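S.K.: First, the structure itself, so that you have it in front of you.
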Amino acid sequence: MDRHDGPQVTQRWHSIRCYLLLCLILAPAAAATEPTRNLLWVTLQTCILTKRMTGRALPCLAVDLGDKDRPGTAVLRAPGQATHVVVMPTERVVGLEDPQLQQRPGTAYWQAALAARHYVTEALGGRLTAYDVGLAVNSIGGRSQDQLHIHLDCVQPSVQAALQHYASTIGSTWAAMPIALQGSRFFALRVGADQMRDLNPFAALGHLPGRRTELRDTSLAMISVSGESGTRDFVLLAYRDPEAHAEKLLDHACTALAKAAAK
C-alpha cells in the first residue's frame with residue numbers, strides 16, 4: 001500500500017486483515033497450529049484498545065471493560081456466520097480448564113454469555129427467542145484458541161428434540177444421557193430458571209463423574225427445554241474426550257429456521 005493512499009484505503013486494508021485474522025481464529029482445532037492459538041487474544045486486545053480510544057468495539061460487537069466488582073467481557077461475531085457469536089473475558093483466561101473459573105468469575109462470564117443471546121436472535125429478525133439459543137465451550141483439544149470463548153448459536157434440531165423428549169428424566173445431578181447426541185455420550189444436569197442467576201457451569205463440572213483433573217478434556221454446553229408447567233428450564237451437557245467439542249450441538253446454519261422460511 002502506498003504511503004499516499006487515503007484514509008478510506010487504509011481502513012479497507014485494516015478490515016481485510018481483521019477478516020482474515022478472524023477466519024484463522026475460528027477455524028476448526030484440527031486446522032490450527034500452535035503459533036495460531038493466541039490469535040483470538042491478539043484480536044481481543046485490538047477490541048479493547050479501540051474501545052478505550054474511540055468508544056467503539058471494532059472488530060468486536062461489544063466490549064464491557066468491567067469494574068472492581070465485575071470482570072470485563074467482549075462479544076465477537078464469527079466471520080461469514082451471521083448468527084454465530086462468541087463471548088470471552090477481557091482478562092487472560094486460557095479455557096474451560098482454567099482454575100479461576102471455579103470461582104465468581106465463572107458465574108460472571110456465563111451471565112455475560114446469556115446476556116449476549118440477543119445478538120443471535122436479532123440476526124434472525126426475532127424469529128428465535130433467547131431460550132432457543134444454545135451455548136457451548138470446547139475442550140483444549142477441541143478448540144483452536146487458548147482464550148476462553150463461549151459459543152452462541154442455534155441448536156441442532158435433532159439435539160433439541162432429543163433433549164425435550166428426555167427432559168423429564170434429567171435430574172439435578174449429573175447422569176449419563178440414555179442416547180448419544182451428535183455421536184457422543186453426554187452427561188446431563190437440569191437447572192431451573194430460578195437458579196440461573198447464580199449458575200456457574202464451570203464449577204458444576206467439578207461434580208461430573210470421574211476425575212476433576214480431566215477438565216482439560218471436558219466440553220460443556222447448555223440448551224433450554226420446556227418444563228411441565230410451561231416454564232423454560234436449562235440442561236447442562238458435558239462429555240470427556242481428548243478432542244471434546246460440544247459446539248457440535250449447535251447449528252451454525254440454523255437449519256430449522258431455514259427450512260421453515262423455505263415453506
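The values are calculated or read from the model by the stated rules, or taken from the named source; none is laboratory data. Here the structure is a predicted model, which is why all the values come from computation and not from measurement. In this analysis, Cβ positions are derived from the backbone assuming ideal geometry, glycine residues included, and neighbour counts consider all displayed protein chains.
S.K.: Just to be sure before I move on: is R52 out of contact with any Leu (no Cβ under 7 Å at 6 or more places or on another chain), in a loop (DSSP other than H, G, I, E, B) and either of a type in the set (V, I, T) or modelled with pLDDT of 95 or more (or both) in the structure I sent?
M.R.: no
S.K.: Also: When the residues of segment 71-117 are filtered to those that are among the charged types (D, E, K, R) and touching a helix residue (DSSP H, G or I) at 6+ places or on another chain (Cβ under 6 Å), which remaining residue is surrounded by the fewest Cβ atoms within 10 Å (Cβ to Cβ)? Can you show your working first?
M.R.: Going through segment 71-117, the residues among the charged types (D, E, K, R) turn out to be 77, 91-92, 97-98, 104, 117.
Add one more test, that the residue is touching a helix residue (DSSP H, G or I) at 6+ places or on another chain (Cβ under 6 Å), and what stays is 97, 117.
Working: E97: 17, R117: 21.
For segment 71-117, the residue satisfying everything is E97.
S.K.: Another question, if that's okay. For R127, are the conditions met, namely being charged (D, E, K, R), crowded, with 18+ Cβ neighbours inside 10 Å and assigned to a loop (DSSP other than H, G, I, E, B)?
M.R.: Answer is no for this residue.
S.K.: Turning to a different aspect of this structure: Might you let me know whether segment 78-94 holds any residue that is more than 22 Å from S144 (Cβ to Cβ) and of a type outside the set (A, V, I, L, M, F, W, C)?
M.R.: No, the conditions are met nowhere in segment 78-94.
S.K.: Quick check on my filter: what residues within segment 173-195 are in a strand (DSSP E or B) and either among the basic types (K, R) or within 16 Å of S224 (Cβ to Cβ) (or both)?
M.R.: Matches in segment 173-195: L181, A188, L189, R190, V191.
S.K.: Hey, does segment 228-241 have a residue that's closer than 22 Å to Q156 by Cβ, outside any strand (DSSP E or B) and at pLDDT 90 or above?
M.R.: Among the residues of segment 228-241, at least one is closer than 22 Å to Q156 by Cβ, outside any strand (DSSP E or B) and at pLDDT 90 or above, which makes the answer yes.
S.K.: Right, something else. For segment 203-227, give me the residue count where each residue is under 21 Å from L148 (Cα atoms) and either of a type in the set (D, E, K, R) or not in a strand (DSSP E or B) (or both). Reasoning before the result, please.
M.R.: The first filter runs over segment 203-227 and keeps only residues under 21 Å from L148 (Cα atoms), leaving 203-208, 212-223.
Still in the list and also either of a type in the set (D, E, K, R) or not in a strand (DSSP E or B) (or both): 203-208, 212-217.
The qualifying residues number 12.
S.K.: Report, by residue number, each residue of segment 142-158 that is within 21 Å of L205 (Cα to Cα) and not in a loop (DSSP other than H, G, I, E, B).
M.R.: Hits for segment 142-158 are I150, H151, L152.
S.K.: Identify, from the list V75, V120, V85, the residue that is in contact with a Leu (Cβ under 8 Å, 6 or more places away or on another chain), touching a residue at least 60 places away in the same chain (Cβ under 8 Å) and either among the aliphatic types (A, V, I, L, M) or more than 21 Å from Q45 (Cβ to Cβ) (or both).
M.R.: V85
S.K.: Looking at segment 166-180, can you tell me whether even one residue there is modelled with pLDDT of 95 or more, under 13 Å from the mean Cα position of the chain (by Cα) and among the aliphatic types (A, V, I, L, M)?
M.R.: no
S.K.: Determine whether L163 is in a strand (DSSP E or B), in contact with a Leu (Cβ under 9 Å, 6 or more places away or on another chain), modelled with pLDDT of 95 or more and not β-branched (V, I, T).
M.R.: Spelling it out, it is not the case that L163 is in a strand (DSSP E or B), in contact with a Leu (Cβ under 9 Å, 6 or more places away or on another chain), modelled with pLDDT of 95 or more and not β-branched (V, I, T).
S.K.: Which residues, counting only those in segment 165-212, are surrounded by 15 or more Cβ atoms within 10 Å (Cβ to Cβ) and among the basic types (K, R)?
M.R.: R190
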